[in-house]
1. Say we look at the range 56-88 and pick out the residues that are at pLDDT 95 or above and within 13 Å of the ligand (Cβ to nearest atom); which of these is surrounded by the most Cβ atoms within 10 Å (Cβ to Cβ)?
2. When you scan the range 457-474, do you find a residue that is in contact (Cβ under 8 Å) with a residue 60 or more places away in the chain, in a loop (DSSP other than H, G, I, E, B) and surrounded by fewer than 24 Cβ atoms within 10 Å (Cβ to Cβ), even just one?
3. Just name the residue that is surrounded by the fewest Cβ atoms within 10 Å (Cβ to Cβ) out of those in the range 435-456 that are in a loop (DSSP other than H, G, I, E, B) and within 16 Å of the ligand (Cβ to nearest atom).
4. Only one of these conditions is not met by residue 335: (1) buried (at least 17 other Cβ atoms within 10 Å of the Cβ); (2) free of Cβ contacts under 8 Å to residues at least 12 places away in the same chain. Which number is it?
5. Here's a check for you: in the range 301-340, which residue that is touching a strand residue (DSSP E or B) at 6+ places or on another chain (Cβ under 9 Å) and within 18 Å of residue 277 (Cβ to Cβ) is farthest from the ligand (Cβ to nearest atom)?
6. Which numbered condition trips up residue 298, out of (1) in a loop (DSSP other than H, G, I, E, B); (2) within 16 Å of the ligand (Cβ to nearest atom); (3) more than 23 Å from residue 41 (Cβ to Cβ)?
7. Could you list, in sequence order, all residues of the range 555-598 that are within 18 Å of residue 690 (Cα to Cα) and in a strand (DSSP E or B)?
8. Of the residues 395, 432, 414, which is part of a helix (DSSP H, G or I) and farther than 25 Å from residue 88 by Cβ?
Ligand code: GLC
């Protein structure tokens, strides 16, 4: 069925609907993973057409019970949509999205999203509140865990990939039985919250808005995402959820998005607390005129729209337009034909194939930050594992996961015991029998995700003490960091022989960690968010501006801190393998790129080590002068290359100057980059070789 057919059916149905029933479709209620709300009234609401969708219900029988009431007992039998925060898996839990983005494999994210969609749809969920694509450059913000880090190029690739995975690759707009509607969030720029404090104000220049923060949302829209969620924050003084220039202007008019816009939890009503609307009635009026289709748990639409519509024809017309969007979505999802969860699908929900994918994603998400050669350990080696996180199954699952998935989780110690002769002790004791001590440090699941902003992102004192005690034993120390964000690891960095960022890796995270520690899998993850030396450096990111006084070692009056070495502890794009790679000087076909020319780049890569490994060759671009200014580097391309020991390969890239120029408008169409430019090719955003050229 094509869009027109959906619209025709929706309009036919709307001819029978009362104003109250149309408003009901714009109302979303439900529980929250933070605690259930009173569901007793939900059945009544479903029967009376007072609700169009529920969130945070994914028990197929509970969904079917409510659905049966809506379809069989309500006046028009309009089916409900059940929505859920399936951010990185439902029953099979994958690495948190920030970890998964370190695979530098968007295709992998498509596959994990598709499995998540299969499990969600089997449970009756046909709308997931993912992908989160907020660019985040301040690791004090706990929700950095949910996105793809600091860079718009990576963020855009992963946003599009996850949309395709959730919704299915078909571009006919139909969502089949095993796929779901995705929801790009949080529109917009939630990750730029001032001081990294969740829900805080966002003040952004147009330069940063267009060139750094908006592109991933548009990538999701261009990939066909069916819904968008508005952010809690204000953007330059107007709360996003009542921001007509942002929603009607940029999202709908400039980007051509015609789908459902859902507010974040109670965000419509919160426009009053922002000090933007006079009261909740005013919130309802502003939000509906701004183009917000669904009021999630704000109880502004269901309380005030009826009255507002009677007095304001514009609001009545908005209600018709937005109700049509909800009905079109329900037709796309096939809910009028298949309203119920197929309980037979729930039985074989778990599968080894899905767990194998979870293991693959986890292995590829791990980033080796430091290794003096202690890794890989010999399989079967006798190791002592310490640190409370080692046996913490719940934390391995990270933020946004559901209680029923915990018991089967492979925690760090369990995984290590599968490959090594491992003992566990809360603190290092009787160490003579061991070849190494493995300290598991970092964040629990309660310290990451929503409302988990931290003013200090160094390791806890107890973790530092644990590593120092381990070092005192004289044995090699391997630190495994489980976290949902970049932590400031300076305090232990020099004390450890190896440092491995293991994030929160999901259902089989411990097994993936052990695969890397014993060398069954050579680490290939690369950071998509910079790791600061100190909290005080936040926000910190590689694509910074040069300023008029760029840092020069040893010189005063420069853009730097006096009490902290310059730059991150570990930069964007960084990650070690168990081998070494050597780059030739990059070459470019023409030193002057003509109007119709492309930038044709090549570099010779050699595996100079003793084992095979996978390198992620990264290409960064810089336009020397631009109005307004451009960052020192912007990631423009990358390729993962697997080479056997001693193997060489010439890696080629073709870039178009038309894609690399500055973005000056919300249409996000780059201008052609003209004049002196530089390209950097290498292993990460700091370790790269420069080549200069001019574009006409
Ligand atoms: C939460 C989050 C949002 C989530 C929604 C529903 O507060 O901000 O990401 O999808 O509410 O749970």
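The values are calculated or read from the model by the stated rules, or taken from the named source; none is laboratory data. Quantities reported herein were computed from a predicted structural model and do not represent experimental measurements. In this analysis, Cβ positions are derived from the backbone assuming ideal geometry, glycine residues included, and neighbour counts consider all displayed protein chains.
1. Filtering first and then ranking leaves 88.
2. no
3. Pass one, the range 435-456, residues in a loop (DSSP other than H, G, I, E, B): 435, 443-444, 448-456.
Still in the list and also within 16 Å of the ligand (Cβ to nearest atom): 448-453.
Numbers: 448: 27, 449: 24, 450: 19, 451: 10, 452: 20, 453: 21.
Filtering first and then ranking leaves 451.
4. Going through the list (1) buried (at least 17 other Cβ atoms within 10 Å of the Cβ); (2) free of Cβ contacts under 8 Å to residues at least 12 places away in the same chain, residue 335 breaks only (2).
5. Checked the range 301-340; the qualifying residue farthest from the ligand (Cβ to nearest atom) is 305.
6. Condition (3) is where residue 298 drops out.
7. 581, 582, 583, 587, 588, 592, 593
8. Details: 395 fails: farther than 25 Å from residue 88 by Cβ; 414 fails: farther than 25 Å from residue 88 by Cβ.
Among 395, 432, 414, only 432 is part of a helix (DSSP H, G or I) and farther than 25 Å from residue 88 by Cβ.
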